[in-house]
Structures are given as structure tokens and as C-alpha cells.
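K.L.:
After the C-alpha cells below, expect a handful of questions from me.
The values are calculated or read from the model by the stated rules, or taken from the named source; none is laboratory data. On a predicted model such as this, the values are computed, not experimentally measured, just so you know. All Cβ positions, even for glycine, are placed from backbone atoms using ideal geometry, and neighbour counts span all protein chains on display. What goes into the accessible areas is simple: the full protein's heavy atoms, side chains included, and nothing from ligands, DNA or RNA. Shrake-Rupley method; radii C 1.70, N 1.55, O 1.52, S 1.80 Å.
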2 protein chains.
Amino acid sequence: MRGLGEENVSRLIGIVGRENVLTQTKAIEDYAHDMADYESVPAAVVRPLTEGQVAEVVRLAAMTGFPLIARGAGSSLTGAAVIENGIIIDTRRMDRVLKVDTVNWYVHVQPGISLEDLNKELKPHGFFFPPDPASSYICTVGGAISEGSGGLRCVRYGTMKDWVLALRVVLPNGKAVKFGEALAKNRAGYDLVHLMVGSEGTLGVVTEAWLKIIPIPDVKTKRFMVTFGDWESAGEVISRLRSSRILPNLFEFLDKDNIHALNEKLEMSFDEAEATLLVDVEETQVPVAEEIFQECGAVKIIVARDEEQAEAFYQARAMAYVAIKTLATGIQVEDIVVPIDRLGEFLRFVKGVAAKYGIKIPVNGHAGDGNVHPTILYEREDQKSRETANAAFEEICRQAISMGGSVTGEHGVGMQKPKFLKEQLIAHDGEEALRLMKEIKAVFDRERIMNPGKYVEAA
Amino acid sequence: MRGLGEENVSRLIGIVGRENVLTQTKAIEDYAHDMADYESVPAAVVRPLTEGQVAEVVRLAAMTGFPLIARGAGSSLTGAAVIENGIIIDTRRMDRVLKVDTVNWYVHVQPGISLEDLNKELKPHGFFFPPDPASSYICTVGGAISEGSGGLRCVRYGTMKDWVLALRVVLPNGKAVKFGEALAKNRAGYDLVHLMVGSEGTLGVVTEAWLKIIPIPDVKTKRFMVTFGDWESAGEVISRLRSSRILPNLFEFLDKDNIHALNEKLEMSFDEAEATLLVDVEETQVPVAEEIFQECGAVKIIVARDEEQAEAFYQARAMAYVAIKTLATGIQVEDIVVPIDRLGEFLRFVKGVAAKYGIKIPVNGHAGDGNVHPTILYEREDQKSRETANAAFEEICRQAISMGGSVTGEHGVGMQKPKFLKEQLIAHDGEEALRLMKEIKAVFDRERIMNPGKYVEAA
């Protein structure tokens, strides 16, 4: 039966007030899909303001057995942020910065603030929070924690898991708990903080977070855009920069399809080369880097002449997804990680898959992490097109697994990849790990209400 | 009944060979205590060479119900590396570097190599592994993972938890499993790697590790030794350097008792000031740092004139524990973390406790982490002295908890602090966290053989 029933809706209204409970189809439309078009229609959306309200909603879900998820901007790409006939807790009214601590170098925040707004608050203090998924302008702290998000700066600074000190969480039993301490070091007990990061809303609802912050660096860098006629050469550059011990702040790549889409859809004007690299290099390392570019057969080496052009290079990479999304009615975004020295080989494989099926698979990604985003284009209303896209998707996942890679580096598993999570773990001697993950899920969520039937549980 | 019995000893010999099974009291003497004099006499020590042998020993333990721990150098300070009438797996024959990967920036090692030897292997490649507990010259990778160790460089680079990419582990059921991937990013499943780091041998035996490495930095720094007449001034310097966004490679402190012990026992010759700070400052930040030293009333500011003197400053801090250990027949090492802006206040409190009980409590620690090591001296054979030391120990732990601190930053819990682990978690809204930790322990160790009765289980 669809819907919560009148009595439960009344209870929700009693908890958060009438204006913060949405149940009408029109009102909850925005919550029925995520950014990659996974769709599930929730029964209700509630917008709490306090941890106490979150706990009451969780207890109601446990009592009635309705599934529940917390959701920020819904910018997930894997179906982790939608739920069929369940309750969505929209955390975005809980968006306060509770403390910026410039001695202990952390910020204490509620989960509903966006990463961009967080960094706006930090800037006047001379600090920043590094993880920067492409969706930073809307994605929330709570969402980024649950997804273990990455981004462009992660080549230097790591992903969300490297930046969370402590959390407050409402558990499926409705009790609030603090995991970790807002301290530079803490060895008191097992590390439950890292268990929450990347748990995709399956273990509890984050209500507060203490995040590490660091000083905005003042190292002088130059931003390069370098183009190549083939992927082998670009891959060789990536490996050689790494083994030359160069640690860039930015190290990205884009293929011809990405650049073409940016030029056409967003009126940019970059060279449409087979492979384009974006690299920040510290001034002292510029000579080494330039030599490597040349020796590997770069077609064109452009140094950003000023801040404005450097920002234009960055925006090309950051906006690639938006440009590509306009090319087809359906997209399937991959999030493969492979050993960095095998990037060129893997990218060749993806292009081979595209040719074999006669489809478009634009590819961009984080060169310095070995993290690749092949984006498979298809037509939503055409079943054959969907099937072809899916066949290509599966081939790409399996190739990654066979190369010792991972099917996800920063987007997560959700509804998109539980099958491949399982294949990966089994192929990489992780069968017992999967068993332990399922048992840990059962320990946290005896009530079986937290984003059920996805991710680890579905694997 | 003591001992394994002849049949089980024969089985162990069948697994690893006669020369790698120790059962005689004299032979196992070294394994009956750790570096802080926790004592428990094991029934047997085995020295496996392969993961397969580790798994067979674990299965034997599970079958017979004998408790089991893996142990490296035994440099633990909390009783985590000793076991009464159980089996110790000494991992130090498994000491190979399996791969140094300078493109993907990791090293793949067996657990028995020491951190110092690991860094010797990395140096010719221009890379290093940052965590550096004072015991680096002997402590093993496996021990450092199990303890989640820290060290002097952690102010800049974090602790072990920030450097482990993936692990192979023999679980209590005797099955080998891989956790995580040797990739820069990986979101495939819950984070079991971090659950292992700092688990103190209670969840499984680490048999291989993939550790992140980074280029040896070439930033120019100056090393300062700065003395103060009181702790308030030193504490003020620490806070002001932090809020001035200075991120040193080294940021340590020593009290008068430490310097006195170093001068007397190790023939060093430093000024015996109330408080001494050691700080590395990047050359561009030297003027700001010097101004802060002066404004806070530094008595003496010494810049290391060359590498040799800089190393002498470092050795003063690194050898402090060795010097202090000679001052009494018994020592109780604390490992408190407090918010950095409350360090001065906390250090004053410790000195007050020492005065109250009429005992010596030399204090040193990691200023930039808020991580303090009060070292309570007592006479082992004198029961009253032991009781007094324990009363002081408990007051210091409780003060840390009440200040929002942690009772352990890098040494762990073991047999030393389960009571305070529990007090801390309950005081800091972590009661449900403790329940979850106990249930996770039960999920991993149904057989109840892995370092039982300590740490989380004992809390």
C-alpha cells in the first residue's frame, strides 16, 4: 500500500510542523529522483530543524517499518538518495556552522550546509575544507560524508574519509550517539567514524560533523593545459609525473567528446584533441614537468596566463558533466579506479567498447588518482538503447575488476552497482569482507529501516 | 592448566617447524612483558613465515580455545602485546618489502618489518612513510597498524590511520581476507581497513599491508628550541602558532624533568627551563614565529645552526622516554589528548597532581596535536607507591575526559585503560558507540580467541 496513512502523517506533523511535512505528489516531485535519474517516489518528506526531531522521525519509521533515508541536495549518481514509499529526511534546514576553531583546526557544522557555503564561511579565517565534488555548489556535508565524496582537489588532499574527525549520528534505534572526538588524535575505541563515511545512509543519520580544516596554501603554482594525439602518450605523462614525485593540486583529464560538448553546449573554445590534461605544477617543478610533456609528444602546451584563464581551465573540467548530460536523454556514469600506470590501457579499452557497440562514451576523470568517469550515453525511452548501454557498462566494470581496480572511487554503490561490488570483493579475496559488512549492517540496523535493499545489503 | 599440552605443541611444530616454536620459560621470557612492563606469560611463541602458516595457527587456537595475539617488537605500552597462557605469533620473520610502487605511491609489505627498515628501503626512491613512533627503530608495521601509532611527524602527516590503503588479514575463523584496495580511491563497501587500524589485535592478524608513501619534502625549514619560565606562556605560543596557520613538521614539548633526565642520564646539555618547545618552521614563516615567541615571553630562542644540531634537538625529544625510564623502577605512561588551546591549563593540572601526591610526573608530548605524555614514576616493589601512582593516573585521566579530551592519542587502551575508555565514551555521548564496538568485536571474533578480555571487550 502506498503512503504512510493519515495517522502517521499526523505524527510527523506533530514532530516538525505542518509546513515541514510534504506528502502530495507535486510537492515531493523533486525528491523522486537523483542527479543521475534514478527514480523512486517517497511516501513523505520531512524537514527537521533539530537532532531531537530527527530522532523522533527515525523512531516513527522503526515503529511503523517504513524505510527511511536522509538526503541533502540529492546530487548522488547511484540511487542512494531516493527511496520507494519511504520517508525522506531533508537535512537542509540544519545548515548552521556551529564553530570555526582556528587553533584546533576544525569546523563544527550541521549536515545540511553545502560544501560551497562551508568554504565561504572558512575563507575569511584563511582556512578551507578540501574535498570538492563537482556538485560542491549544492551538495551538503551530510551527503558528502554518506557518499565518501572525492573531487578535483583530492589528488593532493584525499577524499572525505581523510577529513572527518567526529560525528553525531541518530542510530536506527532512535538514539543519538557521538562517534570519535574533535581532537587531532584519538585512539579511544574502534574507528566508527570511518565506518560512517561512505555508508550511504545505511547505518544512521548524521546530525553534526566535526571536519578538519587547513590553511589556504600560498605555494605558487602554474596551471597547464596539455593536449595529446593519443591516450598512450597522455597515460605516459601521468605515470612519469607521478614517478618524478610531483604532487599537483589539480591533475585532471578530458577526452575529445568532453571538449566538444563543452565547446558546443557551454560556448567554450578549447582544442578538440584526443586527450587533454590539466595539471597544476609548483613553480620549482615546472622545468621537470615541461620536459616530460615534450618527451611524451605533447601536441600543445598552454600555461594559464592569469587567474582568469586558470579558472577557465578548471571550469572546463568541473562543468564537463553538465555539458555531457545535454547530449542524450539518458546517461550512465561510471566511476572506475585503476592503477595509475594502467590508465592509458584502460582508456583505450573504454574507447574500444564504445566502438564495438556503436555508442558514445565520453570520458573524463582524475588522472592523479587513476579515477575515470566513462559516461555512457543512451536514449531513455528506447529499450534497445538502454540494454546496449547496460552491456557496455558491465564490460567496463568487469575490465576494471580484472585489472585490480575498483568499480567506484567516489560515487558509491547505491542501486547502481551492488552486483559489481560483490564481483569485485569476490575477485579480490574479499568474500569474507562482504560477509562482515553485511553483519555490521545488521548490528547497526536491527530495525532494517536505513536505506534498505541497496549497497552492501544488495551485494 | 598452564601450557598447550604435548599434542598441540606437536601440531604447532608441524606447522612452522621445531626451531620456530618456543615453549620453554627461558625462551619465551622476552615475550612475557611489553615496553611498559605489563607482564603475562604466554604458553607458546610461534614464528611463521607465511600467511598459510598464520592461518593454520589461528585455526589451532580456535579449535583448542587458546587465546592468541600477533606481536612484533612488543613495544606497546598498554599490555596489548602480552597474553597469559596463550599463543603469541611473532611476525618478525615475515619482514619483506614486496613492492615499492613509485607511480601509485604505495609500498606493499609484510607485517614484520620495522618502520625504520621500511624507510631505509624507501629512501633511495625519494619517498618516505611518515608515522614515526619513538620506537620506530624496532616497532613493526603490523604493530603500528594494530596500535594506530602516531609519532613526532604526525602533527603534519597524521597517524597510521591516514596511511593504510589496504590489508590482508587472517580472521579468527582462520580465513584470509583482503580489506580495501591498493588504489588512491576506493568506495567499494564499508571501510574495514580503518576498523583494523587501532584494533589492538582483537579482530584479526595482519599478514600484508599496502601503505601510502609520499615524496621526501624539499621545503626549507628552520628548527627552533625555545624555552619558557612557565607553561602558560608555552601554551600561548602553541595556540598562537596554530591560529597563525603555521603547520610545522615538528612541534614538540618537554618539561624540566625531561631535560634534567636527558642531561643526567644521556649526557646531553640543554637548559633546564620550566618548558621547552621544539618547532620546525618553514623559512617564509620564520619572522611570524619569532615574533610570537618573543611576544609570549620566551626566555631563550635557539635556531639550530646546522643539520647536526637540528638532529640533536630531535633526539632530545625522541630519547626522552628512555632517559625517564631510568629514574624509577616503575613508570605509568599517560597518553592524553586535550584541545590544543587548553594545553597550558592541562599541564598546570598535571603539575598540581604531582605536587599533591608528592611524586614526580615528567611530561613531554606533541604540542601541535594536543597530545601529552605525563609519565608517572613509582617504585614497583612498594605497594603504597603503586597505589599513589594509580591515584594520580586516574585523576589525570578524569581531568582529560572532563576537558573534552581523550585518554589515548596513540598508545591505545590494552589492559591499561578499558575503565577510562568506558568513562570517556559515556561522558562524551558514546554509550551506544561502546555497544556497537562490542557487537562488532563479536561479529569478527565469534571464536573469542583474539586478544580477549582487553580493550573494547573489557570496557
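K.L.:
If you put +1 on each Lys and Arg Cβ and -1 on each Asp and Glu Cβ, how big is the dipole of the protein assembly as shown around its Cα centre, in Debye rounded to 20?
P.N.:
The dipole of the protein assembly as shown has a size of about 1760 debye.
K.L.:
Sticking with this one: Only sites in a loop by DSSP and with at most 14 other Cβ atoms within 10 Å count here; which chymotrypsin sites (Phe, Trp or Tyr not before Pro) in segment B:61-156 make the cut?
P.N.:
B:TYR137
K.L.:
Shifting gears a bit: List for segment B:122-166: residues with 30 Å² or greater reduction in accessible area, all protein chains versus chain alone, probe 1.4 Å?
P.N.:
Buried-area filter returns B:LYS161, B:ASP162.
K.L.:
What 222 nm value per residue comes from the helices of the protein assembly as shown, counting each DSSP H run with n ≥ 4 as -39,500 (n - 2.57) and dividing by all residues, nearest 500 deg cm²/dmol?
P.N.:
Computed ellipticity for the protein assembly as shown at 222 nm equals -10500 deg cm²/dmol.
K.L.:
Enumerate the calculated ³J(HN,Hα) couplings along segment B:379-384 in order (Karplus 6.51 cos²θ - 1.76 cosθ + 1.60, θ = phi - 60°), each rounded to whole Hz, writing x wherever the residue is Gly or Pro.
P.N.:
These are the phi-based 3J(HN,Hα) values: 9, 4, 7, 9, 4, 4 Hz.
K.L.:
Right, something else. With the dipole of chain B worked out from charges on the C-beta (+1 for Lys and Arg, -1 for Asp and Glu) around the Cα centre, which of B:HIS33, B:GLY112, B:LEU377 lies farthest toward the positive end?
P.N.:
The residue sitting most towards the positive pole is B:GLY112.
K.L.:
So, with +1 on the Cβ of K and R and -1 on the Cβ of D and E, and no other charges, what is the size of the charge dipole of segment B:219-323 about its Cα centre, to the nearest 20 debye?
P.N.:
300
K.L.:
Once a ≥ b ≥ c are taken as the square roots of the eigenvalues of the Cα gyration tensor of chain A, is the result rounded (a/c under 1.5), prolate (a/b larger than b/c) or oblate (a/b not larger than b/c)?
P.N.:
prolate
K.L.:
Measuring nothing but label to label, 7 Å from Cα along Cα→Cβ, what are B:ALA355's distances to the other copies in nm, shortest first?
P.N.:
8.1
K.L.:
For segment A:270-356, what class follows from the C-alpha gyration tensor (a ≥ b ≥ c being the square roots of its eigenvalues): rounded when a/c is under 1.5, otherwise prolate if a/b is larger than b/c, else oblate?
P.N.:
Details: a/c = 2.19, a/b = 1.37, b/c = 1.60.
Oblate shape, in that a/c is at least 1.5 and b/c is the bigger or equal ratio.
K.L.:
Would you grab the residues whose amide H sits under 5 Å from the one on A:GLU208? Only those 5+ places off in sequence or on another chain, please, with H modelled 1.01 Å from N.
P.N.:
Those qualifying (amide H under 5 Å, at least 5 residues apart or on another chain) are A:ARG168.
K.L.:
Under 5 Å between amide H atoms, partner at least 5 residues away or on a different chain: which partners does B:ALA275 have, H built in plane at 1.01 Å?
P.N.:
Amide H to amide H, under 5 Å and 5 or more residues apart or across chains, B:ALA275 pairs with B:PHE228, B:ASP230.
K.L.:
May I pose another question? Tell me, which longest segment in chain A has none of the trypsin sites (Lys or Arg not before Pro) that fall in DSSP loops with at most 14 further Cβ atoms within 10 Å?
P.N.:
A:97-219
K.L.:
Under a point spin-label approximation (7 Å from Cα along Cα-to-Cβ), what is the B:LYS384-A:GLN294 distance to one decimal in nm?
P.N.:
Inter-label distance under the simple model: 8.2 nm.
K.L.:
Measure nothing fancy, just the Cα-based angle from helix B:418-427's long axis to the longest principal axis of chain B, in degrees from 0 to 90, nearest 10.
P.N.:
The answer is roughly 60 degrees.
K.L.:
Can you grab the distance from the C-alpha centre of segment B:433-449 to the C-alpha centre of segment A:221-267, Å, no decimals?
P.N.:
Taking the Cα centre of each part, segment B:433-449 and segment A:221-267 sit 47 Å apart.
K.L.:
Other chains near A:423-433: what is the mean number of their Cβ atoms within 10 Å of each residue's Cβ?
P.N.:
Averaged over the peptide's residues, the number is 5.
K.L.:
What is the average number of partner chain Cβ atoms found within 10 Å of a Cβ in A:191-198?
P.N.:
Numbers: counts 11, 8, 4, 8, 7, 2, 4, 6.
Other-chain Cβ atoms within 10 Å of each residue's Cβ, averaged: 6.
K.L.:
Beyond a 20 Å Cα-Cα separation, which of these cross-linked pairs lie in this structure: B:LYS120/B:LYS222; A:LYS417/A:LYS454; A:LYS185/B:LYS222; A:LYS265/A:LYS351?
P.N.:
B:LYS120/B:LYS222; A:LYS185/B:LYS222; A:LYS265/A:LYS351
K.L.:
Using alpha-carbon pairs under 8 Å, 6+ residues apart, how would you state the relative contact order of segment B:300-409 in percent?
P.N.:
Values: 139 pairs, mean separation 35.9, N = 110.
Relative contact order for segment B:300-409 comes out at 33 percent.
K.L.:
Enumerate the calculated ³J(HN,Hα) couplings along segment B:175-187 in order (Karplus 6.51 cos²θ - 1.76 cosθ + 1.60, θ = phi - 60°), each rounded to whole Hz, writing x wherever the residue is Gly or Pro.
P.N.:
8, 8, 8, 9, 10, x, 9, 7, 10, 4, 9, 6, 10
K.L.:
OK, next. Counting pairs of alpha carbon atoms under 8 Å apart in space and at least six apart in sequence, what relative contact order in percent does chain A give?
P.N.:
15
K.L.:
For A:ASP271 and A:ALA458, compute 0.36 nm times the residue count separating them, minus their Cα-Cα distance, and round to one decimal in nm.
P.N.:
63.0 nm
K.L.:
Excluding A:GLN110 itself, what net charge comes from residues whose Cβ is under 14 Å from its Cβ, given Lys and Arg +1 and Asp and Glu -1?
P.N.:
Its environment carries a net charge of 0.
K.L.:
Among A:ALA458, B:THR276, B:TYR357, which residue has its Cα furthest toward the positive end of the charge dipole of the protein assembly as shown, with +1 on Lys/Arg Cβ and -1 on Asp/Glu Cβ?
P.N.:
A:ALA458
K.L.:
Short version: which residues of segment B:78-117 lose at least 10 Å² of accessible area, all chains versus chain alone, 1.4 Å probe?
P.N.:
B:THR102, B:VAL103, B:ASN104, B:TRP105
K.L.:
Could I ask something else about it? What distance in nm lies between label points placed 7 Å from Cα along the C-beta direction at B:ARG305 and A:GLN24?
P.N.:
It is 8.3 nm.
K.L.:
Any aspartates and glutamates with Cα under 18 Å of the B:LYS220 Cα? List them, leaving off those in the same chain fewer than 8 positions away.
P.N.:
The reachable aspartates and glutamates, counting only those whose Cα sits under 18 Å from B:LYS220, are A:ASP218, A:GLU282, A:GLU283, B:ASP280, B:GLU282, B:GLU283, B:GLU290, B:ASP306, B:GLU307, B:GLU308, B:GLU311.
K.L.:
Any idea of the accessible area per residue across chain B, 1.4 Å probe, to the nearest Å²? Please report the intermediate quantities before stating the final value.
P.N.:
On the way: 16630 Å² over 459 residues.
Accessible area per residue, chain B: 36 Å².
K.L.:
Heavy atoms only, probe 1.4 angstrom, no DNA, RNA or ligands counted: give me B:VAL9, B:VAL456 ranked by accessible area, highest first.
P.N.:
B:VAL9, B:VAL456
K.L.:
To continue, here is another question. Note the buried accessible area between B and A here, summed over both chains, with a 1.4 Å probe, in Å² to the nearest 100.
P.N.:
Numbers: alone 20050 and 20050 Å², together 33250 Å².
It comes to approximately 6800 Å² buried between B and A.
K.L.:
Report the charge-dipole magnitude of segment B:95-230 in Debye, nearest 20, computed about the Cα centre from +1 at each Lys and Arg Cβ and -1 at each Asp and Glu Cβ.
P.N.:
360
K.L.:
Cβ under 12 Å from A:TYR314's Cβ, A:TYR314 left aside: what net charge do those residues give with Lys, Arg +1 and Asp, Glu -1? Let's see the in-between values first.
P.N.:
On the way: positive: A:ARG153, A:ARG223, A:ARG317; negative: A:ASP132, A:GLU252, A:ASP280, A:GLU307, A:GLU308, A:GLU311.
Net charge around A:TYR314: -3.
K.L.:
Now, a different point. In degrees from 0 to 90, rounded to the nearest 10, what is the angle of the helix B:231-243 Cα long axis to the longest principal axis of chain B?
P.N.:
Once rounded, one gets 80 degrees.
K.L.:
Working from Cα positions, state the angle (0 to 90°, nearest 10) between the long axis of helix A:6-16 and the longest principal axis of chain A.
P.N.:
Helix A:6-16 sits roughly 70 degrees off the main axis of chain A.
K.L.:
Can I ask one more? Just going by the charge dipole of segment B:273-348, with Lys and Arg at +1 and Asp and Glu at -1 on Cβ, which of B:VAL322, B:ALA312, B:CYS296 is farthest out on the positive end?
P.N.:
Highest projection toward the positive end goes to B:VAL322.
K.L.:
Determine the share of the protein assembly as shown's accessible area contributed by carbon and sulfur atoms, expressed in whole percent, with a 1.4 angstrom probe. Display every interim value, and only then the final one.
P.N.:
Numbers: 16050 of 33250 Å².
Reported share for carbon and sulfur atoms: 48 percent.
K.L.:
Further, regarding this structure: Tell me, what HN-Hα J-couplings in whole Hz come from the Karplus equation 6.51 cos²θ - 1.76 cosθ + 1.60 at θ = phi - 60° for each residue of segment A:306-321, using x for Gly and Pro?
P.N.:
7, 3, 5, 5, 4, 5, 5, 4, 4, 5, 4, 6, 5, 9, 4, 4
K.L.:
What is segment B:110-189's relative contact order, in percent, from Cα pairs under 8 angstrom and six or more apart in sequence? Provide the component values of the computation, followed by the final result.
P.N.:
Working: 97 pairs, mean separation 17.9, N = 80.
Contact order relative to length: 22 percent.
K.L.:
How crowded by other chains is A:337-346, given as the mean number of beta carbons from other chains within 10 Å of each beta carbon?
P.N.:
Counting Cβ atoms of other protein chains within 10 Å of each residue's Cβ and averaging gives 3.
K.L.:
Excluding A:GLU423 itself, what net charge comes from residues whose Cβ is under 12 Å from its Cβ, given Lys and Arg +1 and Asp and Glu -1? Mind dumping the intermediate values first?
P.N.:
Details: positive: A:ARG398, A:LYS417, A:LYS419, A:LYS422; negative: A:GLU394, A:GLU431.
Within the 12 Å Cβ shell, the charges total +2.
K.L.:
Still on this structure, I have one more. Specify whether the C-alpha gyration tensor of segment A:219-323 places it in the rounded, prolate or oblate class, a ≥ b ≥ c being the square roots of the eigenvalues: rounded for a/c under 1.5, otherwise prolate if a/b is larger than b/c and oblate if not.
P.N.:
Cα axes put segment A:219-323 in the oblate bin.
K.L.:
Okay, next question. If amide H atoms are built 1.01 Å from N in the plane of the peptide, which residues on other chains or at least 5 residues away come under 5 Å of the amide H of B:THR408?
P.N.:
HN-HN under 5 Å from B:THR408: A:ARG187, A:ALA188, B:VAL337.
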